[in-house]
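Asks: Quick one: the structure is below, and I'll ask about it shortly.
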Amino acid sequence: MIEAEGLTKAYGDKTAVDGVSFTVQAGQVTGFLGPNGAGKSTTMRMIMGLDTPTAGTVTVNGVPFARHTAPLREIGALLDAKAVHTSRSAYNHLLAMAATHSIPRKRVHEVIDMTGLADVARKKVKGFSLGMGQRLGIAAALLGDPQTIILDEPVNGLDPEGVVWVRNLVKYLASEGRTVFLSSHLMSEMALTADHLIVIGRGKIIADAPIKDIITGKGQSRTRVRSDQPDRLMHVLAGTGVSVELQDHELLEVTGLDPRQIARSALDNHVLIYELTPLQASLEEAYMELTKDEVEYHSLITTGAPVPAQSGGN
Amino acid sequence: MSTSTSTQPAAGPGRAAHRNAANPGPGPSFFRVLNSEFIKFRTLLSTLILLVSTAIVVVGFGALSAWGTGQFADQASSDPEAAAAIAAQGGDLAVTVPTSGVAFAQLILGSLGVLLMSSEFTTGMARSTFAAVPKRLPAFIAKLVVVILSAFVVTAVSTYIAGLVAVPILDNFDLKLDLASSQSVKLLLVTSVYVAAVAAIGMALGTMLRNSAGGIMALVGLFFVAPIAFQLIPGDFFEEARKYLPGNTINPLTAVEHVPDTLEVWQAALVLGGWVVVPVVLAMVLLKKRDV
């Protein structure tokens with residue numbers, strides 16, 4: 001179990017992680033989702049004791065990481081593909097890591113086989129593809145057979161087969177009762193892998209809920225309604241926590257009421273409605289909705305607006 | 001009554017479930033970390049290249065120096081002025097031949113000291129290292145032990161081989177070199193300790209700067225540029241300060257007799273010790289404090 005309490009990391013006047021509190025439970029895969037620069041990696045480095053929090057605490061199984069007597073046997077982490085001296089072979093890298101905890105050579109071979117690195121284990125890491133580097137990082141994380149596993153963007157650079165492998169691996173590890181904490185900026189991957197989701201944006205926790213709740217968007221459900229009296233229906237439905245948007249002639253989108261409530265109001269007020277469609281948000285939509293104000297780097301979308309004329313061009 | 005077994009219903013039949021939480025297994029004791037640092041040391045080709053280069057340079061300079069010394073002694077026998085100059089030095093010329101490559105040994109092994117730590121940071125290896133040893137200082141001390149021991153052993157062994165190569169060359173010029181004499185043994189040991197100290201300073205610089213080029217340049221600046229610069233800048237202060245530069249402690253340490261206007265042996269030893277302890281302690285404080 002990982003518990004963060006008011007965890008904060010500031011670099012100068014820029015706050016990368018801003019007072020986050022969350023709990024990662026054992027026995028399930030917890031996804032850590034957020035756009036680039038949201039503070040995912042910083043949070044994970046603080047869990048591993050590599051970065052010191054500016055404020056707040058984070059513990060693993062009740063104890064700060066650095067105070068564990070055998071850290072690699074408690075928590076395994078892939079923080080960064082190629083957190084490796086690239087002139088060393090994968091085998092020697094794992095052997096040196098294992099030596100710190102008297103982990104037997106047999107286990108080194110085990111994790112090499114488990115991650116499919118047997119053919120390249122004796123080669124220098126320098127020549128590894130991104131996917132192979134990820135596999136080596138996962139092998140290193142599993143070395144101490146830890147109860148808690150932290151993986152930062154594990155599917156980054158993996159081929160489709162590798163993605164499926166990681167997905168099955170983390171589910172299996174969680175089914176064994178381990179704590180699995182997995183970060184990604186790919187919402188589609190999270191939808192398939194995670195049981196619970198913590199969404200972070202600009203250093204703040206935006207959502208922390210079972211993935212089912214986030215997809216159905218509790219309190220965020222939208223319904224498409226068509227009526228021949230849209231103005232009157234808007235007036236009837238208006239209330240606190242309800243937003244009604246006129247999208248087209250006779251087409252409304254209602255947020256904050258479920259279809260049954262909408263139909264009831266329409267019936268009570270004798271308004272004809274001829275379409276009532278609940279809109280289920282995909283995780284992707286839910287995520288975009290959650291993080292739309294929190295994205296640090298907005299893409300500049302060119303919508304065909306005229307480019308300002310350059311005066312005195314060449 | 002304890003019902004702790006029922007508090008984890010999600011735990012499956014895997015290994016993790018029936019592990020004793022209080023005793024997860026062996027952790028990073030100092031000797032395990034030392035073993036790990038030694039594995040890291042011997043599994044890098046660049047390390048081996050630098051060690052072999054040191055041996056080649058030391059032995060090569062020993063042989064060249066033996067030949068040059070012989071030539072000089074030959075000329076001296078026919079030139080009373082040169083003979084007088086040799087006599088005035090009061091020492092045995094041949095005895096310093098095996099350690100004549102020390103200036104290069106210190107540069108190479110000092111750079112090795114820098115690289116062994118700076119490469120941890122430039123490659124990202126540091127994240128793996130300090131995740132395994134989150135207290136950090138055991139890993140630093142273990143690496144320091146590996147750096148000091150390897151620099152000492154490589155210098156001592158290659159100096160001895162340089163002596164073995166020099167003996168027959170000097171013999172051609174009727175000069176005697178006894179490698180078992182107390183003077184020879186003292187020179188070999190003091191020089192090796194000195195080079196080990198330079199390597200330790202290098203590692204401290206690598207830890208503080210976390211940058212290979214920066215660390216090596218700082219080392220070169222301290223050992224090669226500063227002594228010359230201090231000599232060129234006029235003024236009593238720089239003339240006096242020059243004696244306290246780490247690279248200028250080797251001469252008083254290896255002198256047969258005390259040369260006027262240089263440090264005493266004990267002073268030189270203290271100065272060199274200070275040049276090791278201060279950067280090493282500073283590096284440890286910074287390593288403990290900074291983010292990896």
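Asks: For region A:222-280, what does the accessible surface come to per residue with a 1.4 Å probe? Please give it in Å².
Replies: That works out to 63 Å² per residue.
Asks: Using the Karplus equation 6.51 cos²θ - 1.76 cosθ + 1.60 (θ = phi - 60°), what ³J(HN,Hα) coupling, rounded to whole Hz, does each residue of region A:226-235 give in order, writing x for Gly and Pro?
Replies: 10, 8, 7, 10, x, 5, 5, 4, 4, 5
Asks: Report the Stokes-Einstein translational diffusion coefficient (µm² s⁻¹, integer) for chain B, Rh taken as the Kirkwood radius over Cα pairs, at 10 °C with viscosity 1.306 mPa s.
Replies: 73
Asks: Separate question: Where Rh denotes the Kirkwood radius from the mean inverse Cα pair distance, what is Rg over Rh for chain A?
Replies: Radius of gyration over Kirkwood radius for chain A works out to 1.10.
Asks: Can I ask one more? With a 1.4 Å probe and all protein chains left in place, how much accessible area per residue does region B:122-162 have, in Å²?
Replies: Spelled out: the 1.4 Å probe surface of region B:122-162, per residue, equals 31 Å².
Asks: Bins of 10 Å, beginning at zero and ending with the bin holding the largest distance: percent of Cα pairs per bin for region B:153-243, please.
Replies: Computed distribution, short to long bins: 15, 27, 28, 24, 6, 0.
Asks: Still on this structure: In deg cm²/dmol, rounded to 500, what helix-only [θ] at 222 nm does chain A give when every DSSP H run of at least 4 residues adds -39500 (n - 2.57) and the total is split over its residues?
Replies: -9000 deg cm²/dmol
Asks: How crowded by other chains is A:69-78, given as the mean number of beta carbons from other chains within 10 Å of each beta carbon?
Replies: For this peptide, the per-residue mean of nearby foreign Cβ atoms is 5.
Asks: Turning to a different aspect of this structure: Find the centroid of the Cα atoms in region A:3-46 and in region A:54-86, then give the distance between the two in whole Å.
Replies: 14
Asks: If you don't mind, another one. Ignoring GluC sites (Glu not before Pro) that are buried or in helix or strand per DSSP, and keeping those with at most 16 other beta carbon atoms within 10 Å, what is the longest stretch of chain B between them?
Replies: Formally, the longest exposed-site-free interval is B:1-256.
Asks: If you don't mind, there's one more thing I want to ask. Using protein heavy atoms only (no ligands, DNA or RNA), what is the total accessible area buried between B and A, 1.4 Å probe, nearest 100 Å²?
Replies: Adding both sides of the contact gives about 3500 Å².
Asks: State the three equivalent ellipsoid semi-axes of region A:1-150, derived from the C-alpha gyration tensor as the square roots of 5 times its eigenvalues, in descending order and whole Å.
Replies: Whole-Å semi-axes of the equivalent ellipsoid: 29, 18, 13.
Asks: If you consider only alpha-carbon coordinates, what radius of gyration and Dmax does region A:222-280 have, in Å?
Replies: 9.8, 27
Asks: So, with a 1.4 angstrom probe, what is the percent of accessible area on chain A that is carbon and sulfur?
Replies: About 52 percent, which is the carbon plus sulfur part of the accessible surface.
Asks: Taking only the alpha carbons of the protein assembly as shown, what extent do you get along each of the three principal axes, in Å, biggest first?
Replies: 130, 79, 44
Asks: For region A:138-271, just say rounded, prolate or oblate: build the C-alpha gyration tensor, square-root its eigenvalues into a ≥ b ≥ c, call rounded for a/c under 1.5, and beyond that prolate if a/b exceeds b/c, oblate if not.
Replies: Prolate.
Asks: Using a Förster distance of 56 Å, how high is the FRET efficiency between A:Ser243 and A:Asp119, based on the Cβ-Cβ distance and rounded to 0.05?
Replies: 0.45
Asks: Ok, one more. For region B:205-267 and region A:96-154, compute the distance between their C-alpha centroids and round to whole Å.
Replies: What the calculation gives is 45 Å, centre to centre.
Asks: Follow-up question, since we're still on this one. Average partner chain C-beta neighbours within 10 Å, per residue of A:167-178?
Replies: Going residue by residue through A:167-178 and averaging, the value is 3.
Asks: When the helix-only estimate is applied to chain B (DSSP H runs of n ≥ 4, each -39,500 (n - 2.57), divided by the residue count), what is the mean residue ellipticity at 222 nm, nearest 500 deg cm²/dmol?
Replies: The helix-only estimate for chain B comes to -23500 deg cm²/dmol at 222 nm.
Asks: Stokes-Einstein D for region A:10-88 at 20 °C, 1.002 mPa s, Kirkwood Rh over Cα pairs, in µm²/s?
Replies: It diffuses with D of about 150 µm²/s by this estimate.
Asks: Under the Karplus relation 6.51 cos²θ - 1.76 cosθ + 1.60, θ = phi - 60°, what is the ordered set of whole-Hz ³J(HN,Hα) values for region B:52-63, x standing for Gly and Pro?
Replies: Result, ordered by residue: 5, 4, 4, 4, 4, 5, 5, 5, x, 5, x, 5 Hz.
Asks: Continuing with the same structure: If the elastic network links every pair of Cα atoms under 10 Å, which of B:Trp67, B:Trp275, B:Trp266 fluctuates the most in the Gaussian network model of chain B?
Replies: In this elastic network of chain B, the residue with the biggest mean-square fluctuation among B:Trp67, B:Trp275, B:Trp266 is B:Trp266.
The values are calculated or read from the model by the stated rules, or taken from the named source; none is laboratory data. All figures in this text were calculated on a predicted structure; none of them were measured in a lab. All Cβ positions, glycine included, derive from the backbone under ideal geometry; neighbour counts span all protein chains shown. With ligands, DNA and RNA removed, areas are computed over all heavy atoms of the protein, side chains included. Shrake-Rupley method; radii C 1.70, N 1.55, O 1.52, S 1.80 Å.
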